[in-house]
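The values are calculated or read from the model by the stated rules, or taken from the named source; none is laboratory data. Quick caveat: nothing in here was measured; it's all calculated off a predicted structure. Note that each Cβ is placed from the backbone with ideal geometry, even for glycine, and that neighbours are counted across all protein chains shown.
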Protein chains: 2
Amino acid sequence: MKAYRDFSREELQKEKAVLEKKFDEIKAQNLHLDMSRGKPSAVQLDLAMGMMDVLSSTSNLKCETGVDCRNYGVLDGIPEAQQLLADMTEVPANQIIIYGNSSLNIMFDTVSRSMTHGVMGSTPWCKLDQVKFLCPVPGYDRHFAITEYFGIDMVNIPMTPDGPDMDLVEEYVNNDPTVKGIWCVPKYSNPQGITYSDETVRRFARLKPAAEDFRIYWDNAYGIHHLYDDKQDHLIEILMECKKEGNPDMVFKFCSTSKVSFPGSGVAAMAASPANLEFVRKHMKIQTIGHDKLNQLRHVRYFKDIHGMVAHMKKQADVLRPKFEAVLNVLDKELSDLQIGSWLRPRGGYFISFDALPGCAKAIVAKAKEAGLVMTEAGATYPYGKDPNDSNIRIAPSYPTPEELAIAAEIFVLSVKLVSIDKYLAEV
Amino acid sequence: MKAYRDFSREELQKEKAVLEKKFDEIKAQNLHLDMSRGKPSAVQLDLAMGMMDVLSSTSNLKCETGVDCRNYGVLDGIPEAQQLLADMTEVPANQIIIYGNSSLNIMFDTVSRSMTHGVMGSTPWCKLDQVKFLCPVPGYDRHFAITEYFGIDMVNIPMTPDGPDMDLVEEYVNNDPTVKGIWCVPKYSNPQGITYSDETVRRFARLKPAAEDFRIYWDNAYGIHHLYDDKQDHLIEILMECKKEGNPDMVFKFCSTSKVSFPGSGVAAMAASPANLEFVRKHMKIQTIGHDKLNQLRHVRYFKDIHGMVAHMKKQADVLRPKFEAVLNVLDKELSDLQIGSWLRPRGGYFISFDALPGCAKAIVAKAKEAGLVMTEAGATYPYGKDPNDSNIRIAPSYPTPEELAIAAEIFVLSVKLVSIDKYLAEV
């Protein structure tokens, strides 16, 4: 099959008629499908149900240091939970603090604290005329929502297959003292599934920030969320790399078990240098007496150690992999020859990123919705919800069943084709 | 027995010698006792162990609206948890938001949000030259720590047996637009165990704040924490009272199950007017995808309803009551005639407040420590840790065993007596 751009006007119109008929048939089925959010399916959650049994009324509810997990205290989290999440995110156990159920909440609090109290002694950002964050795009909408909420100016940094455009990152960070942070999902990135290359991580570690309070917000959300056993991306550990380069305090690293155990009831953590953590604790000890230690204990008793967690993630991969492949196969089969969109094949994470012809993303998402398929809003992967090319669409294949996904993918490619044809017809 | 102030110098010295001997005997026992924090004892926590069994791998983990509690979402909390905590704090279920495990954390976030985003459209406090909070004293050290951390100026408001001195509260709130809040523990107050009178609550509701963003921070921490079945304080419900007075938006009400189920793993909530909650949600939806719904479900499945919770609190009262009485009886027996201190007999809550002779609190706490008894630091019940009279000491009888309490109370009264005698001897 040749590319649409090589179709004649008549060929396009003929193709359109065929596709519209198909589309209307599906539309008539009155479907309700959702590929909008990176939400685990019930089948994935069922895999962790054993976690509901590890603590009972006859259990010893003391942690390994003998503290009663039911009572107040232990600000940093119980040691065995620190060890588990430290292993998960590849840092020493004394460089991690365990929080509540949400790493997003930790990131929000980290920005909020910087607004009111600065970073390790710097001027509180609310006292500054301008604060900027670099935002690799496409990226995670909830990151951008935090910085927008606090009135922080966001600067788009294009993603490359190796991670953010580091020439641009270096230019901004090393020269502009109003640049205080960069949002990163360094492994199986949201939405592209890109893992930062070794060289990218090393260039991050070698930054010479103009601002003393510049930090890399390293959201390692998908560190152990592989899709394949034999094909796994590897990410260099950023804290150690920064330490080696004489920049020990330049990173806040975030992780959680939201997509390991239960999204609503996981355990989240932040890893950073001892100096950063000391500053964080000053804030934290005013904010709370401690997080939920029973839930920390529940996670440790269930997974036992990182090996147990990795084994568990293989079961999750077995559920997710066919879903990713179902969507990718439809994209390959239906769209690769037509040259009306591009995408990557992620080896982990929760998303597939689709780049439509410029100016088509909003129309495609709207079209899909007509047939009952909800996608992430076009533009969501960019700061302020504004994709300058109106091109990127995030596909989240985790929640629907494989049967639903087959239809959803069909609706999606039909929508892409129809909108692309309309674009060409308007141009001809 | 006559009062110490009527003792002659010789009588004081003789008494001192006798007491010092007793004190040294106890000191030689090398004890480690702690009456410093309002921490439930293991026996109280054991009462709720059934909560560890209500959810298992075979449980239906959907809430009453059919949402899977394991997954993301439901920002306000599951409806049945809203109902339970609404009943606990006597508000309609649609006027409450369920959070994580800590009401302190909600209060901190509420102040933090006001700093960066104001209150329902007002100027963010970080943009103002001065922000003041009224602090009824003695009060809760962790409240004062929050306002101090954010650089908010604190104004002492003396407590009376009916609650804060309302003449002073009205004078400040109604005339000073820099006064943005007041910290209240309105029932079984920390540390005095005072419940605000009907007239006090009504005067709160009738305030005419000079600042549009003034709010009452109503920390109803001990709403159902009675010590007696037949002698219970009653507190008028402040949200309804404010609504009746045309001040519906003037209150943030906080509560939690920390001292109902487990202090580390309870459920906390905030109640407020619909307009306040709408503003809060704008913040919250950026901060988190949702709190721990499984723990909410666990609480509802265990307590079932407010009746179950009240029944549970009676069991807790049976554990706490003898402890309070043990301490109070020693105070009565050993100190009432000597007139070297005063205290109230609380009917609920977690503390007994002791007012020593002026200038003696720090010395008493230090003396007690010599014999192995840790008390709350003197001054802690005042903003900035500064008790202007150096008189107030908070006694927390919940954590030690009854046997330990008997010795602890003995050490405490010996310390009070010795320090008081020294004061008189220095004055004579």
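Quick notes on this structure:
- Residues of the stretch B:368-378 that turn out to be surrounded by 22 or more Cβ atoms within 10 Å (Cβ to Cβ) and assigned to a strand (DSSP E or B), as a count: 2
- Scanning the stretch B:256-268 for residues that are more than 9 Å from every other protein chain (Cβ to nearest Cβ) and either among the aromatic types (Phe, Trp, Tyr) or in contact with a Gly (Cβ under 6 Å, 6 or more places away or on another chain) (or both) yields a count of 2.
- The conditions of being under 28 Å from A:SER353 (Cβ atoms) and within 14 Å of another protein chain (Cβ to nearest Cβ) are not met by A:ILE194.
- Candidates A:ILE98, A:ILE152, A:ILE146, filtered to the one that is touching a Gly at 6+ places or on another chain (Cβ under 6 Å), within 14 Å of chain B (Cβ to nearest Cβ) and of a type in the set (A, V, I, L, M, F, W, C): A:ILE98
- Any hit, the stretch A:104-127, residues being outside any helix (DSSP H, G or I), within 14 Å of another protein chain (Cβ to nearest Cβ) and out of contact with any Gly (no Cβ under 8 Å at 6 or more places or on another chain): yes
- Some residue of the stretch B:404-417 being aliphatic (A, V, I, L, M) and under 19 Å from the mean Cα position of the chain (by Cα): no
- Look at the stretch B:269-298: where a residue is more than 8 Å from chain A (Cβ to nearest Cβ) and within 15 Å of A:TYR149 (Cβ to Cβ) and a partner is surrounded by fewer than 21 Cβ atoms within 10 Å (Cβ to Cβ) and aromatic (Phe, Trp, Tyr), sitting 6+ places away or on another chain with Cβ atoms under 9 Å, you get B:LYS282/A:TYR149.
- Positions within the stretch B:41-86 being among the charged types (D, E, K, R) and facing chain A (nearest Cβ under 8 Å), in sequence order: B:ASP53, B:ASP68, B:ARG70
- The number of residues in the stretch A:351-367 being out of contact with any Lys or Arg (no Cβ under 7 Å at 6 or more places or on another chain) and assigned to a loop (DSSP other than H, G, I, E, B) comes to 1.
- Filter pass, B:LYS333 being in the same structural domain as B:LYS423 (by TED's automatic domain parsing), within 19 Å of B:ILE411 (Cβ to Cβ), surrounded by fewer than 17 Cβ atoms within 10 Å (Cβ to Cβ) and out of contact with any Lys or Arg (no Cβ under 7 Å at 6 or more places or on another chain): yes
- Condition met for A:PHE262 (in a loop (DSSP other than H, G, I, E, B), touching a Leu at 6+ places or on another chain (Cβ under 9 Å), aromatic (Phe, Trp, Tyr) and modelled with pLDDT of 95 or more): yes
- Among the candidates B:ARG298, B:ARG281, residue that is modelled with pLDDT of 95 or more, surrounded by fewer than 24 Cβ atoms within 10 Å (Cβ to Cβ) and either assigned to a helix (DSSP H, G or I) or within 24 Å of the chain's Cα centre (by Cα) (or both): B:ARG281
- Tabulated pairs, the stretch B:137-160, first in the same structural domain as B:TYR217 (by TED's automatic domain parsing), second among the acidic types (Asp, Glu), C-beta under 6 angstrom, 6+ apart or interchain: B:ILE157/B:ASP165; B:PRO158/B:ASP165
- Selection of the stretch B:379-403 for residues being under 20 Å from B:VAL327 (Cα atoms), part of a loop (DSSP other than H, G, I, E, B) and among the acidic types (Asp, Glu) yields an empty set.
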